[in-house]
Amino acid sequence: MADFAFNRKLLVRGPGTFYYGPTPVKIFSSNGITAELDPVTKKLPSDIVGNLDTIKTDQRARIRVSNTGHISQDILDLLYPWRSPLSSIGKGVFGATDVTAAVHSTAGVKVTFKNAALVRPPELILSRTNTAFGEAEFLALVGLDGDTAAGLHAVTNEAYPPADVPLLTAIGLTGALYTATWSGFDVTGTVNGWRINVEPELEDAQCDELGTIDQTLGGVEVTARCTPQGWNETKIMANSPISKALGMSIVPETNLVITSANGLTVTLYNCALVSGPVQWGKTTLRSGELAFVAHPNADGKLYDVAITA
């Protein structure tokens, strides 16, 4: 019997870096990158033989990546879009031109998706002891060339750029002290920081000849959550929606503004406290987790994420 030819030298593995756009924004991953290829299929049943055939009805790929925590305005602008629903709702998220996304492995292989867009922003984690980003999801679809046979991607052998190595920067990773103001209150102490989520409502735009060709933005909800330290019964209940009459707005004309010493500023406009328990116990804080929701301001802006002086 011949010796088995496979050995450990033939294993394919190793990390990579995510690049988006023609002048690429680089995202160094913290726990790997996944590209899930999804050629949507349909069975053609037969009463006599069962599944007679399986045909391809759509094609897409989902690329998931979590940033190490490096913060730049380019990264923030890529990962947190749709800040003004007035100019975003009812429009496609893929834009007028194809924008490429690529995963380049340190082993020297580059996979390029010819038409990709962000469809799920990462959770923004504002904490002194955690890096700032959860997992982002990008969707790759057929491009403007309408070629459904050649696939969504190309694979090339290219040396990994030796300069593309994550380094400590003036803005990034951990250690920033975050403070928040809302409706005249300061939130200077929290249990585990703030969690900001930008959640889009997306609808596939289908074409019988091409499959999914875009996604349409139907709405955006931006929420912020934290468990404050030092909030008592009066403060929580006076600002709760429970204090409002039925049919009355619960939205104060005030913004939730979270800032840090590293210059990162997150603003949720016309922000309302929508939930938050008061709790009593031997070891529990009086306040549970508070949830805030943003609403458009007079300029149509819902939220903002920026590096300020």
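Please treat every number below as a calculation from the coordinates, not as lab data. Everything quoted here is computed from the prediction, not taken from an experiment. Backbone-built Cβ (ideal geometry, glycine too); neighbour counts: all protein chains shown.
Over segment 12-307, the pair-distance histogram of Cα-Cα distances with 5 Å bins from zero comes to 1, 5, 10, 13, 14, 14, 12, 10, 8, 6, 4, 2, 1, 0, 0 percent, rounded to whole numbers. Secondary-structure-derived ellipticity at 222 nm for the chain, considering helices only, amounts to -1000 deg cm²/dmol, per-run term -39500 (n - 2.57) for DSSP H runs with n ≥ 4.
I need the calculated FRET efficiency for the pair SER243 and VAL191, taking r as the beta carbon distance and R₀ as 22 Å, to the nearest 0.05. Show your work: numbers first, answer last.
Details: r = 24 Å, r/R0 = 1.11.
That pair, SER243 with VAL191, gives E of 0.35.
Residue ranges 73-83, 132-142, 52-62 sort as 132-142, 73-83, 52-62 when ordered by packing (mean number of other C-beta atoms within 10 Å per residue, highest first). The HN-Hα couplings worked out from phi for segment 108-113 by the Karplus form 6.51 cos²θ - 1.76 cosθ + 1.60 (θ = phi - 60°) are x, 10, 10, 10, 10, 9 Hz, whole numbers, x standing for Gly and Pro. Distance between the 7 Å Cα→Cβ label points at ARG8 and LYS91: 5.4 nm.
Computed from the Cβ-Cβ distance with R0 of 45 Å, the FRET efficiency linking ALA149 to ASN232 stands at 0.10. Between ASN31 and ALA163, the FRET efficiency from the beta-carbon distance, with R0 = 22 Å, is close to 0.45. Using 0.36 nm per residue and subtracting the Cα-Cα separation, the extra length available between ALA205 and ASP53 on full extension is 52.1 nm.
If you take the square roots of the eigenvalues of the alpha-carbon gyration tensor of segment 1-85 and sort them as a ≥ b ≥ c, do you get rounded (a/c under 1.5), prolate (a/b over b/c) or oblate?
Oblate, because a/c is 1.5 or more while a/b does not exceed b/c.
Simple point charges give the picture: +1 on the Cβ of Lys and Arg, -1 on the Cβ of Asp and Glu, and for the chain a dipole about the Cα centre of about 1080 debye. In terms of overall dimensions, the C-alpha atoms belonging to segment 170-294 reach 62, 49, 31 Å along their principal axes, ordered largest to smallest. A protection proxy built from the mean count of other Cβ atoms within 10 Å ranks the segments 270-277, 29-36, most packed first, as 270-277, 29-36.
Multiplying the residue separation of GLU221 and ASN297 by 0.36 nm and removing their Cα-Cα distance gives an extension gain of 26.0 nm. Each Lys and Arg adds +1 at its Cβ and each Asp and Glu adds -1 at its Cβ; summed about the Cα centre, segment 43-162 shows a dipole of about 260 debye.
Express the Stokes-Einstein translational diffusion coefficient of segment 134-185 in µm² s⁻¹, to the nearest whole number, given a Kirkwood radius over alpha-carbon pairs, 10 °C and a viscosity of 1.306 mPa s.
Numbers: Rh = 17.2 Å.
The estimated diffusion coefficient comes to 92 µm²/s.
With contacts taken as Cα pairs under 8 Å at a separation of at least 6 residues, the chain carries a relative contact order of 16 percent.
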